[in-house]
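**Q** Structure provided below as structure tokens; questions to follow.
Just so it is clear, none of the values below were taken in a lab; they were calculated from the coordinates. Remember, predicted model here, so these are calculated numbers, not experimental data. Ideal geometry is used to build each Cβ from the backbone, glycine not excepted, and the neighbour counts take in all protein chains shown.
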Amino acid sequence: MLEKYNESLGKELIKGMGDFVACHKSEIFTVGKDQCTYNYAFKGRGDDISQYPTLEILMQNVY
């Protein structure tokens with residue numbers, strides 16, 4: 001479990017990744033260990049967040 005989220009560090013991570021990856025949306029999130037983050041992040045199953053009851057979006061940017 002994530003003990004402490006640092007918003008300023010999250011912003012720096014997203015900004016730094018933007019130098020290498022072009023995207024329309026970015027998120028920093030956490031889910032329970034029994035959930036598969038790959039399915040949420042890469043397979044487009046994030047539209048129906050009811051599949052992820054432990055999902056907590058810590059930061060989200062839409063470009």
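**Q** Using the charge dipole of the chain (Lys, Arg: +1 at Cβ; Asp, Glu: -1 at Cβ; taken about the Cα centre), state which of Ile57, Tyr40, Leu9 has its Cα farthest towards the positive end.
**A** Comparing the listed Cα positions along the dipole, Tyr40 ranks first.
**Q** Given a Förster distance of 22 angstrom, what is the FRET efficiency for Asn39 paired with Glu12, based on the Cβ-Cβ distance and rounded to 0.05?
**A** Efficiency, from the Cβ-Cβ distance: 0.25.
**Q** Starting from the Cα of Gln60, move 7 Å in the Cα-to-Cβ direction to define the label point; list residues of segment 1-36 whose amide nitrogen is under 15 Å from there.
**A** Residues passing the 15 Å test: 24-31.
**Q** Follow-up question, since we're still on this one. Which of the three applies to the chain, rounded, prolate or oblate, going by the alpha-carbon gyration tensor with a ≥ b ≥ c and a/c under 1.5 meaning rounded?
**A** Oblate, because a/c is 1.5 or more while a/b does not exceed b/c.
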